[in-house]
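The values are calculated or read from the model by the stated rules, or taken from the named source; none is laboratory data. This structure is a prediction, so every number in the text was calculated from the model and none was measured. Glycine also receives a Cβ, built like all others from the backbone with ideal geometry; neighbour counts cover every protein chain displayed.
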Amino acid sequence: MQNIFKCYMCDRNAVSSEHVPPKNLFPEQKDVGKDYRQYLITVPSCEIHNNHKSKDDEFLMVSLAGIFGNNSIGYLHKFTKVNRAIRRTSNRLLDKAFTKRKHYHLKSDNGFLEVIWGTPDHTRLISCFEHIAYGLHYHHLKKCFKGKIKVLLGYLHSEDKSNNNFVQFIKHQAKIDLKDIPKYGANEDVFYYQFSNPDNYGTYLVHMRFYGGIDVYGSFLPEDKQEPYDLGIAIANACDEVIFKVEDKEYRVKNANKPLERNI
Ligand SMILES: [Zn+2]
């Protein structure tokens, strides 16, 4: 008798399989001279969660490749497959990935480098990474995750200094927590992940790294665990400003939800 797998995101029966992260993030051999598409991770998926993602995969590819700080594999991918996809859609793909877009040309060792500066579609990015976090959970822990996932994009810089401080704090803390945790992924230059051990509240973290420089974090709060979930945010919401200390560094985070009092 054939085993029927459940979908990696819901309780429906799987009808196909899905790559996590999407296959198109991995460069093709004809473009970079090395096969980065071996031993990719796949998970079973139902019809809804497979079809739903097809457009998102392309969006994510365009959003991530060519980001400043990526390694050379990321750039090669950007200047081959990703640019082909952008040209094919006459820039519509780029328009979807970044609003208020500007192109800059920076001088680098290899000539000029095109850098895109713009406002990414934050909500859609979060949704893409949530799917990847679900998929990695299924693959790594052999069960569908039930509960809440919160995604933090560690590679975006905003104009809000306080928000940047919070991101830097999480990155610093995660680096310490994940120091001795093994990395998984057969093509580390393109992608690897790490799962932290659960903390006292039962929350655990997945760290996803793309192209050697893009860090994304997903924290899992299982439905059978109690709040407080994300203690840092809970504290930040209660005060005007919080100072997080990690080793000898301090990160000042203002509460964005609390309007500043003004003297009239
Ligand atoms: Zn599903």
Of the residues that sit in the stretch 24-48 and are surrounded by 16 or more Cβ atoms within 10 Å (Cβ to Cβ) and among the aromatic types (Phe, Trp, Tyr), which one is nearest to the ligand (Cβ to nearest atom)?
-> Phe26
Could you tell me which of the residues Leu76, Leu60 is more than 10 Å from the ligand (Cβ to nearest atom) and within 28 Å of Lys143 (Cβ to Cβ)?
-> Leu60
Please specify each residue of the stretch 185-221 satisfying the condition of being in contact (Cβ under 8 Å) with a residue 40 or more places away in the chain, surrounded by fewer than 16 Cβ atoms within 10 Å (Cβ to Cβ) and not aliphatic (A, V, I, L, M).
-> Gly213
Which residues, counting only those in the stretch 12-23, are more than 8 Å from the ligand (Cβ to nearest atom) and of a type outside the set (Gly, Ala, Ser)?
-> Asn13, Val15, Glu18, His19, Val20, Pro21, Pro22, Lys23
By residue number, the members of the stretch 48-85 that are small (Gly, Ala, Ser), at pLDDT below 85 and under 15 Å from Lys23 (Cα atoms) are Ser54, Ala65
From the set of residues in the stretch 228-244 that are surrounded by 11 or more Cβ atoms within 10 Å (Cβ to Cβ) and not in a helix (DSSP H, G or I), which is modelled with the lowest pLDDT?
-> Tyr229
